[in-house]
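Below is one structure; the comments refer to it alone.
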Amino acid sequence: MVFVKTHDISELNQELIGKDVILGGWIEDLRKLGKMSFITLRDISGISQVIVKGELNDNLGEINRQSAVRIKGIVQETKARDFEFEIKAEEIEVLAKAIHPLPVDPIGRLESNIDTRLNHRALDMRNQKTASIFKLRHYVLQILRKTLAEKKFIEITTPKIIGSASEGGADLFSLEYFGKTAYLAQSPQLYKEQMTIGLERVFEISNFYRAENSHTGRHLTEFTSIDIEAAFMDYEDVMDVLEALVIAVYKFTAENCKKEQESIGHTIEIPTAPFERITYSQCVEELKQAGEKIEFGDDLLDSHLRIIGNNHPGFYFLTDWPMKLKPFYIREKDEDATLSRSFDLQYGYLELSSGGTRLHDSELLKARLTEQGLDPAQFADHLKTYDWGMPPHSGWGMGLDRLMTTLIGIDNVREVVLYPRDPDRLSP
C-alpha cells in the first residue's frame, strides 16, 4: 500500500467531523479494553486519540509503543478530557515496528542521563521537551536571519577549510590536504572583513571549529556562530545591532512559542533594553572591592566573571578591553592607545559574543601582526584587499548554542545541539 498522509494532527478541526482522514505518526500509548482499544497517536504537531472497535480491534494483534503507523479513520467529537477530537479507525497499517524495550523512553516517564540520550539522539527527539528545544532553535534561526536582512545585512557563506589561522592561536584542527596542511576555520573573521569592500554589511550563521580541550557545559569543539561585519560602523553601532537581535529573538519566542515553553517548563522573559554597558576598568575596580588580586591588563578569569555576573545579572556589555588582550585586527581607542574599541556581550558570567572595530590600515595591521608574533606573509591574501579601498568596519561573533541556553534556562550547550562534538564525543 502506498503511504499517504492527508493531515497533521494539529489540522484536525470542527469542519472535518464526519470526514475521512489519513494520519501518520507513532503510537505513544495503547490500551486494550475488551472489544475496544484506545491508541494515542503522536506526530510532530500534536497528539490524537484513536478508537479501534469491532473486527479491526480483534485483528489488531501486538503493536509495540513507538511503532510508526498509518491510520485511516473518521474524525469525530470526543468526551476525552485531553483531546478536542478523536479518530474512529477504519484501517491501521504498521509501517515500522519499534523494539521493546527502547534504550530511551521518549515519553519521559523514565529519565535517562544526557550521555544515554545523546547516544540515541534521534529517538530522544520524540521526547516533547527535547523536540521543543529544537523547534525553538528553528524559530531563533528564522528570526535572526529576518532581523539581519531587515537591517540590510547580506548572508554569505565562507570556507571552512583554510590555509592559515584566521585569528592566530593554537586551537586549530589541522588536516592533510593534497600534500599540504590545511585547517578547519575557527571563525569567518578575515573573509567577512573582506566582504565589506563590496557588500558593506554581511552576516553568516555556520559551524566553526576550535581544538580546545575543555570539558565544561559551555564549550564544544564544533559550534554554531552568528557573525556580522559592517562597513562604516563603529563598535558602538554593532553593539546596538547585537542588542536589537537578542531582543528580537526573545520577543518572538516569548510571544509565539507558548507551547514549546510549556513543554520545556520554562517561561521566556524579554530582557530590558538598553543593556548595561560597563568598562573593563570598572570590572577591575569591582573585583578589587571583592577582594580579588587583579591588576589592569590581566585577563578576566571564569571566577572573576562569576563575581561580575552576580553584580550585573542578565545581559550586559563589557567594553574597552586592554589592547594586549585582543586579536591583531582590533583597533585601539583614539584617546587612549592602551585601550581597544572592543566589547563582549555577557549573560551573567557567560560570554556570548565578542566584537569590536577593526583596523582598516594595512600598514598598521602588518605592524600588529608582527607585534603578536605572527608572520604578515601568511596573511598576504588578506592584506592585499586593504589596497582596494578597505572601509572602516566593525563586527562581532556570537555563539548560537550559548544564546539558546540563556533562552531556555539551561546550563549545558549539549542540550541544544543535535549531535554535539567535544573532546570526548565523536559519535553518533
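The set of residues from the stretch 180-223 being free of Cβ contacts under 8 Å to residues at least 60 places away in the same chain and of a type in the set (Val, Ile, Thr) comprises Thr181, Val202, Thr216. Given the criteria assigned to a strand (DSSP E or B), modelled with pLDDT of 95 or more and either open to solvent by 10 Å² or more (accessible area, probe 1.4 Å) or within 27 Å of Thr224 (Cα to Cα) (or both), does Glu292 qualify? When the stated conditions are applied, Glu292 does not pass them. Only a single item in (1) free of Cβ contacts under 8 Å to residues at least 40 places away in the same chain; (2) open to solvent by 30 Å² or more (accessible area, probe 1.4 Å) is not met by Thr279, and it is number (1). For the stretch 25-54, residues that are over 21 Å from Lys129 (Cα atoms) and surrounded by 15 or more Cβ atoms within 10 Å (Cβ to Cβ) total 7. State which residue is nearest to Trp321 (Cα to Cα) when the search covers only the stretch 250-277 and only residues that are polar (S, T, N, Q) and part of a helix (DSSP H, G or I). The residue in question is Thr253.
Quick check on Leu345: is it aliphatic (A, V, I, L, M) and within 27 Å of Thr116 (Cα to Cα)? So that I can check it myself, show each step before the final result.
On the way: aliphatic (A, V, I, L, M): yes; within 27 Å of Thr116 (Cα to Cα): no.
In short, no.
Among residues of the stretch 60-77 that are without any contact (Cβ under 8 Å) to a residue 24 or more places away in the chain, none has a beta-carbon under 8 Å from a residue that is in a loop (DSSP other than H, G, I, E, B) and surrounded by fewer than 20 Cβ atoms within 10 Å (Cβ to Cβ) at least six positions away or on a different chain. Please go through the stretch 361-412 and give me each residue that is closer than 13 Å to Leu190 by Cα and touching a Lys or Arg at 6+ places or on another chain (Cβ under 8 Å), ordered by number. The answer is Leu383, His393, Ser394, Gly395.
Inspection of the stretch 12-25 finds a residue satisfying the criterion of being farther than 22 Å from Leu123 by Cα, within 38 Å of the chain's Cα centre (by Cα) and in a loop (DSSP other than H, G, I, E, B). Here are Leu365, Leu403, Leu418: which of them is farther than 30 Å from Leu141 by Cβ and not small (Gly, Ala, Ser)? Only one candidate passes the filter, namely Leu365. So Gly265 passes all but one of these: (1) closer than 23 Å to Met398 by Cα; (2) within 20 Å of the chain's Cα centre (by Cα); (3) exposed (fewer than 13 other Cβ atoms within 10 Å of the Cβ). Which condition number does it fail? For Gly265, the exception is condition (1). Scanning the stretch 226-253 for residues that are open to solvent by 10 Å² or more (accessible area, probe 1.4 Å) and small (Gly, Ala, Ser), we see that the one that is farthest from Glu351 (Cα to Cα) is Ala248. Of all residues in the stretch 221-255, those satisfying the criterion of being hydrophobic (A, V, I, L, M, F, W, C) and more than 17 Å from Arg137 (Cα to Cα) are Ile228, Ala230, Ala231, Phe232, Met233, Val238, Met239, Val241, Leu242, Ala244. Residue count for the stretch 48-68 satisfying the condition of being in a strand (DSSP E or B), in contact with an Asp or Glu (Cβ under 8 Å, 6 or more places away or on another chain) and closer than 15 Å to Trp26 by Cβ: 3.
Scanning the stretch 3-24 for residues that are open to solvent by less than 50 Å² (accessible area, probe 1.4 Å) and small (Gly, Ala, Ser) returns a single hit, Gly24. Does at least one position in the stretch 191-200 carry a residue that is outside any helix (DSSP H, G or I) and over 27 Å from Leu325 (Cβ atoms)? Checking the stretch 191-200: at least one residue is outside any helix (DSSP H, G or I) and over 27 Å from Leu325 (Cβ atoms).
The values are calculated or read from the model by the stated rules, or taken from the named source; none is laboratory data. Owing to the predicted nature of the structure, the values given are computational and were not obtained by experimental measurement. Positions of Cβ are backbone-derived with ideal geometry, glycine not excepted, and every protein chain shown enters the neighbour counts. Accessible surface areas use protein heavy atoms only, side chains included; no ligands, DNA or RNA. Shrake-Rupley method; radii C 1.70, N 1.55, O 1.52, S 1.80 Å.
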